[in-house]
Structure formats: structure tokens, C-alpha cells
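Chemist: Here it is, the structure in full.
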Amino acid sequence: ESQIIKNRKQTPRSQRYATDAIALIVNKANKDTIISVADIRKIMTGEIRSWKEINPQSKLGDIAVTFDSPNSSTVRYIKDSICGDKPLGDNLRARSSDSIQTIDLSERTPNQLVIDYVASNPNALGIIGVNWISNPNDPQKLSFIDKVNVMAVSRSNEATDENSYKPLPAYIALNEYPLNRDLYIIITDTRGGLPSGFVNFAAGEKGQRVVLKAGLYPAYALTRVVRASPSM
């Protein structure tokens, strides 16, 4: 893509404006709320297919993995950053009350449907952007919606409560949460044009506050001025 742009005698420029995270959500009845990146990779490639392989004490059955869309950046992240050179497994399924149905990856599945599906299916594992499950009533984004449980993820081969982190802003900022991804705006227009103005806005104070309100982590630290009046 860069070469095509250069062949047009244009110069691509990029600007980081936010950090997003991929969240793993499970049903409220699922007691497994921590997982390692290694186990996530095995689930996505089909090596692990049952919750009992994650936790022998689990009373749940086959893991029903669901994404928002086959062409989404979430699936792309799982393929590129988690699975590497291994293809996605054939275990991407949706479990209904009557039967097991393979997800039709030719149709776009909205993020809200992923949340609703996980909320109503104990065996489900949803893969979704963290901004979709941020609590809209929490301006600091320190909590998640109540419909599902958000899993804590560990870089270690064995996940424990001590080495696993949820996709909260502090853990994203400190890079403790392992499923992070930086977001960029890429433009090719001449400097001073309308697209450049938008980039400046997005990376500026007001734009970064919009990013925070949307449930993402701003690329640049926001300042807050507090004035304390002297006591009388």
C-alpha cells in the first residue's frame, strides 16, 4: 500500500491517536475468568475445544467462539498477533438450545449480537473490542457492563490471579494487559489541508478526550487543572 501511494507521488503520514484492546467475554455462569495467551492461541487454532481442557473442574462443554465479523480488525488481530502462521480452527461455533450451528462467516455479526449471544450461552467465548463492553455510565471507564464477565489475560503459560490482567485503562497504559493494539490515522494529503486538521484535532486535547469517552485509551496524556481556593 505504501508503494502504491509513493507511485502516485504522494507521501503517506501516520499519527497514533489511541490504544485499543481486544477483550474476551464469557457468560456470567462461567467460573473461568482468567486465561493465558497460550491457551487463547490453542482455542483459536482448534487445539483446545472444551472448557474442561482449560479447567478440569469446569462443568461446561465445548467452547463456542464468536466474533463480530469475519472481515473485522478483531479477527485480523487474532490471526496476525495471536495465531501467527497457524490458521484459525474449524471450531468457531454458536450453540443454540436445540443444536450446534457453525457460524456463517459470510454474514456480518454486529458487536451487540456478540454480547447478547455470550450473555445467553454459558459455553460462549466472545472476542470483541474493549470499547464495546465499557460501562457507559462510568466516565473513567473503570468498569464493564453487567451482562457478561470480562476475562483477565496472562502472558505466562499458566494464568493465575496474580499475573492476569483485565483490559482496564491502567493495565493498557502500563502494557500489563497483553492484547493491546495501537490505532493510527494515515493520510496522504498535503500539510495544511482538511485531513491534516482532523489529525491535529484527534491527537489534540479535545480529540483525546473524545477517544477516552469512546472507551479507548488516549495516545497522549490528558491534563487536568485543579484550582483549590484558600480556606477562609
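The values are calculated or read from the model by the stated rules, or taken from the named source; none is laboratory data. Worth saying up front: this structure is predicted, and the values here are computed from it rather than measured. Positions of Cβ are backbone-derived with ideal geometry, glycine not excepted, and every protein chain shown enters the neighbour counts. Note: areas computed on protein heavy atoms with side chains; ligands, DNA, RNA excluded. Shrake-Rupley method; radii C 1.70, N 1.55, O 1.52, S 1.80 Å.
Chemist: Heavy atoms only, 1.4 Å probe, whole protein assembly: order Asp80, Asp39 by accessible area, highest first. Please report the intermediate quantities before stating the final value.
Modeler: On the way: Asp80 90, Asp39 35 Å².
Of Asp80, Asp39, the descending order of accessible area is Asp80, Asp39.
Chemist: Whose amide H sits under 5 Å from the amide H of Ile34, counting only residues 5 or more places off or on another chain, with H placed in the peptide plane?
Modeler: Ala152
Chemist: Taking the full set of protein chains and a 1.4 angstrom probe, give the accessible area of Phe67 in square angstrom, rounded to the nearest 10.
Modeler: That residue has around 20 Å² of solvent-accessible surface.
Chemist: Quick one: compute the contact order of segment 20-94, relative version, from alpha carbon pairs under 8 angstrom and 6+ residues apart, as a percent. Mind showing how you got there, number by number?
Modeler: Details: 68 pairs, mean separation 24.8, N = 75.
RCO, segment 20-94: 33 percent.
Chemist: To continue, here is another question. Describe numerically, in nm with one decimal, the distance between label points set 7 Å from Cα along Cα→Cβ at Arg8 and at Asp182.
Modeler: Distance between label points: 2.4 nm.
Chemist: Sort Glu162, Glu47 by accessible area with a 1.4 Å probe, largest first.
Modeler: On the way: Glu162 145, Glu47 95 Å².
Final ranking, largest accessible area leading: Glu162, Glu47.
Chemist: Also: To the nearest 0.05, what FRET efficiency results for Leu113 and Glu162 with a Förster distance of 30 Å applied to their C-beta separation?
Modeler: The formula returns an efficiency of 0.30 here.
Chemist: May I ask which of Lys52/Lys213; Lys147/Lys213; Lys86/Lys213; Lys42/Lys213; Lys6/Lys213; Lys31/Lys206 have a Cα-Cα span longer than 32 Å here?
Modeler: Over 32 Å apart, Cα to Cα: Lys52/Lys213; Lys86/Lys213; Lys42/Lys213; Lys6/Lys213; Lys31/Lys206.
Chemist: What is the local net charge at Ala38, summed over the other residues whose Cβ is closer than 12 Å to its Cβ (Lys, Arg +1; Asp, Glu -1)?
Modeler: Details: positive: Arg41, Lys42, Arg155; negative: Asp39, Glu47, Glu158.
Cβ neighbours under 12 Å give a net charge of 0.
Chemist: Sticking with this structure for a sec: If one computes the Cα centroid of segment 4-77 and of segment 151-226, what distance in Å separates the two points?
Modeler: Centre-to-centre (Cα) distance: 18 Å.
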